[in-house]
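Since every read-out is calculated from the coordinates, none of them should be taken as a lab result. Just so we're clear, the structure is a prediction, and the values are computed from it rather than from any experiment. Using ideal geometry, Cβ is built from the backbone for each residue, glycine included, and neighbour counts are taken over all protein chains shown.
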Amino acid sequence: MQLEAGMIVSGKVSGITKFGAFIDLDKGKSGMVHISEIASEYVEDVNQHLTIGQEVKVKVLSIDENGKIALSIKKALPRSPKRAPARTNSNKSGLTSYEWSPSNSGASSFEDMMSKFKQSSDEKMASLKKNDGFQRKQRRGNSKPVK
């Protein structure tokens, strides 16, 4: 079988270095998995994730003109469906903004969502008006002539 970029194949870890691991593939070929392609999370030490002789599934990322094969373990893993979590972001005034994320439950009606949005918007506007008035008073207080 001819190796091509995008293929997922099995191999054995034949060597471990501080920057990655070498994987023996079919027909005497070998490739390298860079440390950044070992796992989805940060990998400080390759030895914490792989051992020599371990069977792994790898995705062929590329094969250059010299025959060097770049591999990835994390891209060979099955993808789990990810749902973006609802996030709040703080802006300069310390307020949090609401980001909509779809819900699978469907429990919230459109009216409920609009009510939450309006409440959040009203709170932000009140805070902005309060901060704006405070800043204007500060500017007026500093502009008095010196006697």
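Could you list the GluC sites (Glu not before Pro) in the stretch 1-65 that lie in coil according to DSSP, counting only those with at most 13 other Cβ atoms within 10 Å of their Cβ? Mind showing how you got there, number by number?
On the way: sites: Glu4, Glu37, Glu41, Glu44, Glu55, Glu65; in loops: Glu4, Glu41, Glu44, Glu65.
Here the GluC sites (Glu not before Pro) that fit, given the DSSP loop and packing criteria, are Glu4, Glu41, Glu44, Glu65.
Over the Cα atoms of the stretch 1-83, how large are the radius of gyration and the largest Cα-Cα distance (Dmax), in Å?
Cα only, the stretch 1-83: 12.4, 41 Å (Rg, Dmax).
Karplus couplings for the stretch 13-27 from phi (6.51 cos²θ - 1.76 cosθ + 1.60, θ = phi - 60°), rounded to Hz, Gly and Pro as x?
Result, rounded to whole Hz: 5, 10, x, 10, 10, 6, 9, x, 9, 9, 10, 7, 10, 5, 6.
Once amide H atoms are placed 1.01 Å from N in the peptide plane, what residues at a sequence separation of 5 or more from Ile16, or on another chain, have their amide H within under 5 Å of its amide H?
For Ile16, the qualifying residues are Phe22.
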